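Note sheet for the following structure.
The values are calculated or read from the model by the stated rules, or taken from the named source; none is laboratory data. Here the structure is a predicted model, which is why all the values come from computation and not from measurement. Don't worry about glycine lacking a Cβ; one is built from the backbone with ideal geometry, like all the others, and counts go over all protein chains shown.
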Amino acid sequence: MGSHEDKKHWYDGKLYNYFIDPATEETRRIISSLIEDNSNVIDIGCGTGSLALFLSKKCNNVLGLELSKKMVSYANSIKQERKIINVHFLHGTAENVSQLTNERFDYAIFSLSLHEMKSETRIKALEEIKKIANSIIIYDYLVKKNTSFKGVLNSTIEFLAGKDHFENYKSFQKENGIFGLLEKNGFMVEKIIIDKDTYAAVKAKLK
Ligand SMILES: C[S@@+](CC[C@H](N)C(=O)[O-])C[C@H]1O[C@@H](n2cnc3c(N)ncnc32)[C@H](O)[C@@H]1O
């Protein structure tokens, strides 16, 4: 998939900002707690830019990369409204990020974005991260049994996001989620924070 492509969801932009962003305040707080002051970070699959803009207070520079043009344009409008100058948003794909920027980052963050990528895209995205960042922070679903209450609840939420999205979520779970992906791509886990028994924030480095 090239950087010219656009990913559209029915909830992109304002809807995501009104309904999802308020529910992920704790996510932003947890991710921020894993990052040292004055770091340079890239937020991959940054959505409405809520995390990137939140991190602008403690980071030197933040780059938000996002595949949905509508999300990028929404994120830019909020950035301008708040007059934030150390955050930039870029339209493009995670799997060719090293060709989209010459910068090097202390952290590459994937907040709730990996589970919605295809299995091969996730792997390519992590390969790209090795070229541009020193460490990685992934915040995403914990793997749950399909028969557990949380498993059914999470599956229902992901089902509502659309057919492809749901298929990718299922493959993410099948491949052992965050930990399977990090292991397969040669990363060593440094810190884990479990959130609401549903999500984990994991900080990792190359082995
Ligand atoms: C569930 S949203 C998460 C948004 C935000 N990071 C958050 O924590 O709320 C996942 C985002 O990842 C983006 N995305 C999916 N695949 C991508 C890819 N290959 N490259 C860049 N962004 C991608 C989607 O367009 C979507 O906005």
Checklist outcome for this item: Over the range 100-125, the set of residues among the small types (Gly, Ala, Ser), more than 8 Å from the ligand (Cβ to nearest atom) and surrounded by 23 or more Cβ atoms within 10 Å (Cβ to Cβ) is 108
Checklist outcome for this item: A careful count of residues in the range 19-51 that are closer than 15 Å to residue 67 by Cα and either assigned to a helix (DSSP H, G or I) or near the ligand (Cβ under 10 Å from one of its atoms) (or both) gives 7
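Looking only at the range 119-130, decide whether some residue is within 25 Å of residue 183 (Cα to Cα), part of a loop (DSSP other than H, G, I, E, B) and not small (Gly, Ala, Ser). Even if it seems obvious, please write down each step before you answer.
Applying the first criterion (within 25 Å of residue 183 (Cα to Cα)) to the range 119-130 yields 119-130.
Then drop every residue that is not part of a loop (DSSP other than H, G, I, E, B), which leaves none.
Checked against the condition, which is being within 25 Å of residue 183 (Cα to Cα), part of a loop (DSSP other than H, G, I, E, B) and not small (Gly, Ala, Ser), the range 119-130 yields no hits at all.
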Checklist entry - Between residues in the range 96-124 that are among the aliphatic types (A, V, I, L, M) and residues that are more than 13 Å from the ligand (Cβ to nearest atom), which pairs lie under 6 Å by C-beta distance while being six or more apart or on different chains? => result 108/133; 108/136
Next on the checklist: Can you tell me which of (1) closer than 23 Å to residue 191 by Cα; (2) near the ligand (Cβ under 9 Å from one of its atoms) is the one residue 16 doesn't meet?
Outcome noted: (1)
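Take residue 65 and decide whether it is in contact with a Cys (Cβ under 9 Å, 6 or more places away or on another chain) and among the hydrophobic types (A, V, I, L, M, F, W, C).
Yes: the conditions hold for residue 65.
Quick check, is residue 49 surrounded by 18 or more Cβ atoms within 10 Å (Cβ to Cβ), over 15 Å from the mean Cα position of the chain (by Cα) and farther than 23 Å from residue 189 by Cα?
Values: surrounded by 18 or more Cβ atoms within 10 Å (Cβ to Cβ): yes; over 15 Å from the mean Cα position of the chain (by Cα): no; farther than 23 Å from residue 189 by Cα: yes.
No, not satisfied.
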Item to check | Selection status of residue 150, modelled with pLDDT of 85 or more, in a helix (DSSP H, G or I), out of contact with any helix residue (DSSP H, G or I) (no Cβ under 8 Å at 6 or more places or on another chain) and away from the ligand (no atom under 15 Å from the Cβ) | outcome: no
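Just to be sure before I move on: is residue 78 more than 9 Å from the ligand (Cβ to nearest atom), under 16 Å from residue 206 (Cα atoms), in contact with a helix residue (DSSP H, G or I) (Cβ under 7 Å, 6 or more places away or on another chain) and modelled with pLDDT of 95 or more in the structure I sent? Walk me through how you get there before you give the answer.
Numbers: more than 9 Å from the ligand (Cβ to nearest atom): yes; under 16 Å from residue 206 (Cα atoms): no; in contact with a helix residue (DSSP H, G or I) (Cβ under 7 Å, 6 or more places away or on another chain): yes; modelled with pLDDT of 95 or more: yes.
No, not satisfied.
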Checklist outcome for this item: The number of residues in the range 55-71 that are over 14 Å from the mean Cα position of the chain (by Cα), outside any loop (DSSP other than H, G, I, E, B) and either hydroxyl-bearing (Ser, Thr, Tyr) or closer than 23 Å to residue 115 by Cα (or both) is 2
Checklist outcome for this item: Contact list, first residue from the range 78-89 and farther than 16 Å from residue 61 by Cβ, second anywhere and at pLDDT 95 or above and outside any helix (DSSP H, G or I), beta-carbon distance below 8 Å, six or more apart or interchain, is 78/48; 78/49
Checklist entry - Restricting attention to the range 68-91, and to residues there that are of a type in the set (Lys, Arg) and farther than 25 Å from residue 38 by Cβ, which single residue is surrounded by the most Cβ atoms within 10 Å (Cβ to Cβ)? => result 70
Checklist entry - Restricting attention to the range 190-207, and to residues there that are over 17 Å from the mean Cα position of the chain (by Cα) and surrounded by 13 or more Cβ atoms within 10 Å (Cβ to Cβ), which single residue is farthest from residue 135 (Cα to Cα)? => result 190
Checklist outcome for this item: Scanning the range 126-147 for residues that are surrounded by fewer than 15 Cβ atoms within 10 Å (Cβ to Cβ) and not charged (D, E, K, R), the one farthest from the ligand (Cβ to nearest atom) turns out to be 147
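Determine whether residue 167 is part of a helix (DSSP H, G or I), surrounded by 15 or more Cβ atoms within 10 Å (Cβ to Cβ) and either at pLDDT below 95 or not hydrophobic (A, V, I, L, M, F, W, C) (or both). I'd like the intermediate steps shown before the answer.
Values: part of a helix (DSSP H, G or I): yes; surrounded by 15 or more Cβ atoms within 10 Å (Cβ to Cβ): no; either at pLDDT below 95 or not hydrophobic (A, V, I, L, M, F, W, C) (or both): yes.
Here the answer is no, as residue 167 does not meet what is asked.
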